[in-house]
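The numbers here are math on the coordinates, done by the rules we state, and not lab data. In this text, all values refer to a predicted model and were calculated from it rather than measured experimentally. No Cβ is skipped: glycine too gets one built from the backbone with ideal geometry, and neighbour counts run over all protein chains shown.
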Amino acid sequence: MYSHLLVTVAYDKGHDAGPVLEIAQALAAPGAQITLIHVMEPAPVFALDYLPEGWREELRAAIVADLEALASGMAKATALVVEGDAAHEILEAARERSADCIVIASHRPGTQALHLGSTAAKVVGRAQCAVHVARRK
């Protein structure tokens with residue numbers, strides 16, 4: 001059982017946060033802290049001229065609201081939205097918060113990692129704590 005879990009929540013099409021949330025609750029010790037994290041990656045430079053003003057702030061607010069709604073169903077859960085490279089930011093958040101387990105979904109496998117998504121593969125390879133990978137169904 002873990003005392004502080006960092007749980008990644010992605011908003012890719014077809015991605016369901018349910019499995020990672022269930023796993024986190026099953027792995028959590030009584031009274032454990034659960035941090036739900038989403039990493040907003042930078043928009044491609046070529047797309048910036050086509051996006052409406054304030055789009056990033058609106059998107060961030062919507063993600064925060066959704067994460068807070070997910071967190072409200074769990075004891076001692078908080079929401080965190082950061083920007084940057086997903087694997088780097090997940091690992092940094094785990095280190096800064098002394099998380100003892102990262103729960104991450106595996107999705108969108110590519111040539112870098114045939115069975116894990118590239119973000120999950122990077123997190124597994126570099127994490128200083130336990131990592132639980134939830135397979136996509």
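Per residue, the convex hull spanned by the alpha carbons of the range 1-115 comes to 122 Å³. Count Lys and Arg as plus one, Asp and Glu as minus one, and take only other residues whose Cβ is under 15 Å from that of Ala61; the net charge is then -4.
Going by average Cβ density within 10 Å per residue, which order do the peptides 41-52, 67-78 take, highest to lowest?
On the way: 41-52: 8.8, 67-78: 15.0.
For the peptides 41-52, 67-78, the packing ranking is 67-78, 41-52.
Annotation: amide H of His132 within the under-5 Å range of Ile102, Val103, Ile104, sequence separation 5 or more or interchain, hydrogens built in the peptide plane.
Neighbours of Leu70, meaning other residues whose beta-carbon lies under 15 angstrom from its beta-carbon, give a summed charge of -3 when Lys and Arg score +1 and Asp and Glu score -1.
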